[in-house]
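Heads up, the thing below is written out as structure tokens.
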Amino acid sequence: MTLGWKLDRIQRDALLAALPLRYGRPVADHVTLSVSGNVLPNPVTSSAIVGHADDGQGVEAYVVEIDGSTARPDGGTWHITWSLAEGRAAKESNAVIADLGWTAISCIPVHLIPAQW
């Protein structure tokens, strides 16, 4: 079971309208904490979109700051996979951010809800 935080559904719709998809398939769903486990993560005190990453070949993600940091416990970067081209997978966002980095953008507060899926 995957653990993390889901984007608030109402805010997700507003964000999709404000941040147009670069690729045809929207994801814009969650921030992953762990791909295994069964205990919901703690609620976050503060969270915001602070950066953008795009490999130009079908993977677009927004970097998220959670409680003051973009660094995940596993050494990765907190992010929301935003859109994908056909044949691309959400997990590829990790490599795109690690390999190509990300560009800072004006901070956009987001409401994240503890979840498992």
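The values are calculated or read from the model by the stated rules, or taken from the named source; none is laboratory data. No experiment lies behind these values; they were computed from the predicted model shown. Positions of Cβ are generated from backbone atoms using ideal geometry, with glycine treated the same way; all protein chains shown enter the neighbour counts.
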Listed by first then second residue, the pairs whose first member lies in the stretch 11-37 and is at negative phi, whose partner is surrounded by 14 or more Cβ atoms within 10 Å (Cβ to Cβ) and of a type in the set (Asp, Glu), with beta carbons under 7 Å and at least 6 positions apart or on separate chains, are 22/54; 22/60; 23/60
What strands (runs of 3 or more DSSP E) completely inside the stretch 8-117 contain at least 3 residues that are surrounded by 12 or more Cβ atoms within 10 Å (Cβ to Cβ)?
30-34, 47-54, 59-66, 79-84, 112-116
Within the stretch 26-78, the residues that are out of contact with any Leu (no Cβ under 9 Å at 6 or more places or on another chain) and basic (Lys, Arg) are none
Report the residue count in the stretch 1-54 for those that are over 12 Å from residue 114 (Cα atoms), within 15 Å of the chain's Cα centre (by Cα) and of a type in the set (A, V, I, L, M, F, W, C).
11
Return yes when residue 81 is more than 18 Å from residue 116 (Cβ to Cβ) and either under 14 Å from the mean Cα position of the chain (by Cα) or at pLDDT below 95 (or both) and no when it is not.
no
